[in-house]
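J.: Sharing a structure below in structure tokens format, with a few things to ask.
The values are calculated or read from the model by the stated rules, or taken from the named source; none is laboratory data. All figures in this text were calculated on a predicted structure; none of them were measured in a lab. As a convention, Cβ positions derive from the backbone with ideal geometry for all residues, glycine included, and neighbour counts pool all protein chains shown. With ligands, DNA and RNA removed, areas are computed over all heavy atoms of the protein, side chains included. Shrake-Rupley method; radii C 1.70, N 1.55, O 1.52, S 1.80 Å.
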Protein chains: 2
Amino acid sequence: MDKRTKFTLDEEEIPRSWYNIQADFPEPLPPILHPGTGKPVGPDDLAPLFPMELIKQEVSTERWIEIPEEIRDIYRLWRPTTLFRAHRLEKFLDTPAKIFYKYEGSSPPGSHKPNTAVAQVYYNKQEGIKRITTETGAGQWGSALSFGGACFGVEIKVFMVAISYQQKPYRRIMMQTWGANCVPSPSPETKAGRAMLEKWPDCPGSLGLAISEAVEEAVSRDDTHYALGSVLNHVLLHQTVNGLETKKLMEKADVYPDIIVGCIGGGSNFAGLFLPFVKDKIDGTKPDLRIINVEPMSAPTMTRGPYAYDFGDTAGLTPLIKMFTLGHDFIPPPIHAGGLRYHGMAPIICHLYNLGFVEARAEHQLATFEAGVTFARTEGIISAPEPNHCLKVAIDEALKCKESGEAKTILIAHSGHGHVDMAAYDAYFGGKLKDYEYPKEKIDEALAKLPEIPGE
Amino acid sequence: MDKRTKFTLDEEEIPRSWYNIQADFPEPLPPILHPGTGKPVGPDDLAPLFPMELIKQEVSTERWIEIPEEIRDIYRLWRPTTLFRAHRLEKFLDTPAKIFYKYEGSSPPGSHKPNTAVAQVYYNKQEGIKRITTETGAGQWGSALSFGGACFGVEIKVFMVAISYQQKPYRRIMMQTWGANCVPSPSPETKAGRAMLEKWPDCPGSLGLAISEAVEEAVSRDDTHYALGSVLNHVLLHQTVNGLETKKLMEKADVYPDIIVGCIGGGSNFAGLFLPFVKDKIDGTKPDLRIINVEPMSAPTMTRGPYAYDFGDTAGLTPLIKMFTLGHDFIPPPIHAGGLRYHGMAPIICHLYNLGFVEARAEHQLATFEAGVTFARTEGIISAPEPNHCLKVAIDEALKCKESGEAKTILIAHSGHGHVDMAAYDAYFGGKLKDYEYPKEKIDEALAKLPEIPGE
């Protein structure tokens, strides 16, 4: 029996370029539109928010984009990350399937997020930017950007949704440990925040409002830019460092996946892993490869939403993005998988879904925690609520193999640990978590408010 | 410049044997004594608590003790662990010193503890034991043993100090996730617990009382044993898997340490790393090697206590152990570095200290957190409060090198991350932590109660 449990690369093997799927699309991505004119946005529209290198990456169709050595030097702190063979889970399930997981939880903030956070801070620093603002919900992204700021000496200001700021202090303290300034949103420091506090002094906040505050502050100060942790093309680009490593490691393990599963919120974690593989499906080398995007039943963007132009934020400040969407004023129900509550989805994933290269599936919360507990008791790692979603699907597929007798190779994109999410496990064990299916009439209501495109 | 940041081994290189320092002592360890007779305890005295293999390991003078393949297979889930070169910390300190740290935080429970937890559960399972009890303070050990129980299907019951059970829920939930039964101590489930609850219904508990409860339950049930997470010889033996890896990795990095630093509570983490190196000092190969044990100023066992026979627990249930001690009814002051509050110290470390092979130093809490924050902002990793103690000393030694111009090689035994200790960082940032020096009269008072040895 092949006992090998971990497949690793030397740090010299950290990829030297990111892979840009835009070079290999059979048809190009629909453009991002200016909400005022209905015309594609140009670099000048984005320059107050992002450095020019990132704006170029956003629209580039070059296949390979070089990773600067300064970024690779920071990646060395935790990359390349390990590919695990889940021998103990396989044995527990009594399945002929071979289960692998690529684990991103070994980064200092404990997830895949620093792959892009470090890159974004680097390009901003190169352009002379001294401060970066961002928003964060549960805190994964805010802590990753704070870590990135510490790496390059750039000041980070995080607007954290107030209710999370109060109820989930651990990620906030992490941000402070890395030297960032984390404030609850709504804050008195922006017009948007002050307006809300005047109407509703105890407002618990929302991700949409936090985005508005971060963008407002970035636009109003010359030394300050804004950073986004998912959805955008350049974010997915940076995350491909993970998929490129995984492809090399699967070769080391002498396998190619039949099925790849990952959870999607904004989509950057899973896309980062699967994009270098989906290329093989687009070019016809691996026509049978299945790529399953897993979302929560409570925010069923891909499985229930239409493919339409919508705002990226709740307040309607961003350009219009063509994506599967539940409507930009979608209010997600209480669910602990904080990273999977976004109303939209990365345009790259939506495009691939629309073209039929990837699948989507929605899962109920309780079943995902059950899968997470099974994983912890076999493989040891306590997973964040987000990757529990794809663990559920991986286990289902492995059990199908048990029935059919097929020895399929299943690859899991494991985005990180749940050390600061233990309260969610406590709620699960205490019977306090509930399943929640988003009601059709609420979706219809939100979709009725999709923006009109000027000139159409 | 040597850019290499991480030094790793393949999982096939996980050591095949643990190293037993008892083979190389210039004079043998003082025996453990029966408190009733004053005579050395024999295997029969320990058999109600421990499996015979562990009892043999406790007194063995064989240099190498084979690691069973079943244990190595579990070690494969996270071992070998990585040796890091702290380039960014060196640059920040502007020191010619080369700083390395061996990091044990990548294990599922996040510390070195599972190195012995997995082994202890294995040997118990081999002897047909179905249940293991233990105590835990902040929860590091309890969660590691719970993980070990999940690995081999052995039921784990953890008596957790009540105040920690209430105030530090994250580790408790981790234990539950791995399937263990964690109860607050004092509990109504033992005589010792009931007696305390009758006197003091809201008793916050203590580690000593939790030990009493765990031992009482183990002794009273044939299917149940007891496990201890530090101090004992067999625990330190299992931890040498880390030191043996480190020695190989330092060779890969083409260096040998001038100074090794680690924090000590019971002592197993640091001893596990330094024992394979101290051998070189004992045999005269490396006479100048310095090994610095770092303890908190608030529990200054090695730097202030006498070398004397004392009980291992507060209640006086254990055999008498010759060690540096602050007296078995030492009550540690409130300090967040939960793992460093023990009144005694591993006999192996005490013996080496007494023979002059290792040094000891005590540090104040605030300075250790300052060091931890510096480390987080340079190397990324947010450390547990315990390793912050040795980070403080490593930084001090690196700064001495800056003054003297010496390019010394400093090796840090980094026992784990602080993801579930963020409340301590919050208290530090909020100015709520205080330094605390243990008053001389309190030490004298505790030492006046050292047990008499029958027959002497």
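J.: Write down the accessible area per residue of chain B in Å², having rolled a 1.4 Å probe over the full set of protein chains. All intermediate terms of the calculation are to be shown ahead of the outcome.
T.: On the way: 16130 Å² over 456 residues.
Result: 35 Å² per residue.
J.: How long are the semi-axes of the equivalent ellipsoid of segment B:1-144, defined as square roots of 5 times the Cα gyration tensor eigenvalues? Whole Å, largest first.
T.: Details: eigenvalues 243, 79, 54 Å².
For segment B:1-144, the semi-axes come out at 35, 20, 16 Å.
J.: Here's another thing I want to ask about it. Using the scaling law 2.2 N^0.38 Å as the reference, what is the normalised Cα Rg of chain A? Walk me through the intermediate numbers first.
T.: Working: Rg = 20.7 Å, N = 456, 2.2 N^0.38 = 22.5 Å.
My calculation over the Cα atoms of chain A gives 0.92.
J.: Return the chain B residue and its Cβ-to-axis distance, rounded to the nearest Å, for the rotation relating B to A.
T.: B:His419, 2
J.: Tally Lys/Arg at +1 and Asp/Glu at -1 over every other residue whose Cβ is under 9 Å from the Cβ of B:Phe152; what's the total?
T.: On the way: positive: B:Lys125; negative: B:Glu70.
Value of the local net charge: 0.
J.: Moving to a separate point now. With the Cα gyration tensor of the protein assembly as shown in hand, convert its eigenvalues to equivalent ellipsoid semi-axes via √(5λ) and list them largest first in whole Å.
T.: Working: eigenvalues 471, 161, 146 Å².
The three semi-axes for the protein assembly as shown are 49, 28, 27 Å.
J.: What does the charge count around B:Leu366 come to, taking other residues whose C-beta lies under 13 Å from its C-beta (Lys +1, Arg +1, Asp -1, Glu -1)? The partial results should precede the final answer.
T.: Numbers: positive: B:Lys392, B:Lys432, B:Lys434; negative: B:Glu363, B:Glu370, B:Asp435, B:Glu437.
Neighbourhood net charge equals -1.
J.: Now, a different point. Could you compute the FRET efficiency for B:Lys199 and A:Glu370, with r as their C-beta to C-beta distance and R0 at 30 Å, rounded to 0.05? Intermediate results must be reported in sequence, preceding the final value.
T.: On the way: r = 42 Å, r/R0 = 1.40.
FRET efficiency, B:Lys199 to A:Glu370: 0.10.
J.: As a test of the definition: with a 1.4 Å probe, what buried accessible area, both sides summed, do you compute for B against A, in Å² to the nearest 100? Walk me through the numbers on the way to the answer.
T.: Values: alone 18070 and 18090 Å², together 32300 Å².
Roughly 3900 Å² of accessible surface disappears when B and A pair.
J.: I need the shape label for segment B:362-456. Rule: rounded when a/c is under 1.5, else prolate if a/b > b/c, else oblate, with a, b, c from the alpha carbon gyration tensor.
T.: Since a/c reaches 1.5 and a/b is larger than b/c, the shape of segment B:362-456 is classed as prolate.
J.: How much net charge surrounds B:Gly356 when only other residues with a Cβ under 14 Å from its Cβ are counted (Lys, Arg +1; Asp, Glu -1)? Show your work: numbers first, answer last.
T.: Details: positive: B:Lys281, B:Arg290; negative: B:Glu27, B:Asp288, B:Glu359.
Here the count lands on -1.
J.: Quick one: what do you get for segment A:166-216 if you divide its Cα Rg by 2.2 N^0.38 Å?
T.: Details: Rg = 11.5 Å, N = 51, 2.2 N^0.38 = 9.8 Å.
Computed over Cα atoms of segment A:166-216, the ratio equals 1.17.
J.: Something else: For segment A:1-29, which residues drop by 30 square angstrom or more in accessible area between the chain on its own and all protein chains together (1.4 Å probe)?
T.: By number: A:Lys3, A:Thr5, A:Lys6, A:Glu11.
J.: Sort segment A:379-419 into rounded, prolate or oblate with this rule: let a ≥ b ≥ c be the square roots of the eigenvalues of the Cα gyration tensor; rounded if a/c is under 1.5, and if a/c is not under 1.5, prolate when a/b is larger than b/c, oblate otherwise.
T.: Values: a/c = 2.78, a/b = 2.69, b/c = 1.03.
The shape class here is prolate.
J.: Enumerate the residues in segment B:8-23 having an amide nitrogen under 20 Å from the point lying 7 Å beyond the Cα of A:Asp254 toward its Cβ.
T.: The answer is B:10-13.
J.: One decimal, nm, shortest first: give the distances between the label point of B:Pro96 and those of the same position in the other copies, each label point 7 Å from Cα along Cα→Cβ.
T.: Result for B:Pro96, in nm, nearest copy first: 6.5.
J.: B:Lys449: which lysines have alpha carbons under 22 Å from its alpha carbon, excluding same-chain residues fewer than 8 sequence positions away?
T.: Leaving aside lysines fewer than 8 places away in the same chain, those within reach of B:Lys449 are B:Lys39, B:Lys322, B:Lys440.
J.: Of the DSSP beta bridges with both residues in the protein assembly as shown, give the percent that are antiparallel, rounding to the nearest 5. Before the final figure, lay out the partial values.
T.: On the way: 34 of 100 bridges.
If I count the DSSP bridges inside the protein assembly as shown, around 35 percent turn out antiparallel.
J.: From the square roots a ≥ b ≥ c of the eigenvalues of the alpha-carbon gyration tensor of segment A:285-408, which class results: rounded (a/c under 1.5), prolate (a/b over b/c), or oblate?
T.: Numbers: a/c = 2.79, a/b = 1.45, b/c = 1.93.
Oblate.
J.: Same structure again: How big is the gap, in Å, between the Cα center of segment B:216-232 and the Cα center of segment B:252-326?
T.: 25
J.: Another question about this same structure. How far, in nm to one decimal, is A:Lys191 from itself in the other copies if the label point is set 7 angstrom along Cα toward Cβ? Shortest first, please.
T.: Here the equivalent label points are 7.6 nm apart from this one.
J.: How many times 2.2 N^0.38 Å is the alpha carbon radius of gyration of segment A:61-139? Working shown, then result.
T.: Details: Rg = 17.6 Å, N = 79, 2.2 N^0.38 = 11.6 Å.
In units of the 2.2 N^0.38 Å rule of thumb, it is 1.52.
J.: Name the residue from B:Gly105, B:Ile291, B:Pro454 whose Cα lies farthest towards the positive end of the charge dipole of chain B, charges +1 on Cβ of Lys and Arg and -1 on Cβ of Asp and Glu.
T.: B:Gly105
J.: So if I take the centroid of the Cα atoms in segment A:407-445 and the same for segment B:29-50, what is the distance between those two points in Å?
T.: Between the Cα centre of segment A:407-445 and that of segment B:29-50, the gap is 51 Å.
J.: Something else: Only helices at least 24 Å long along their own axis, judged from Cα atoms, and with Kyte-Doolittle mean hydropathy of -1.0 or greater: name those in chain B from DSSP H. Working shown, then result.
T.: Working: long enough: B:233-252 (29 Å, -0.60); B:385-404 (29 Å, -0.57).
Helices meeting the span and hydropathy rule in chain B are B:233-252, B:385-404.
J.: How many Å³ per residue does the convex hull of the Cα positions in segment B:172-305 occupy? Let's see the in-between values first.
T.: Details: hull volume 24.2 nm³, N = 134.
Cα-based convex hull of segment B:172-305, divided per residue, equals 181 Å³.
J.: Give, rounded to the nearest 20 debye, the magnitude of the charge dipole that segment B:53-92 has about its Cα centre when Lys and Arg contribute +1 at Cβ and Asp and Glu contribute -1 at Cβ.
T.: Taking the Cα centre of segment B:53-92 as origin, the dipole is about 500 debye.
J.: For chain B, which whole-number percentage of the solvent-accessible area (1.4 Å probe, protein heavy atoms only) is attributable to carbon and sulfur atoms? It would help to have the intermediate numbers written out before the result.
T.: Values: 8340 of 16130 Å².
That share works out to 52 percent.
J.: Hey, for A:Gly405 with labels 7 Å out along Cα-Cβ, what do the inter-copy distances come to in nm, ordered shortest first?
T.: Those label-point separations list as 7.8 nm.
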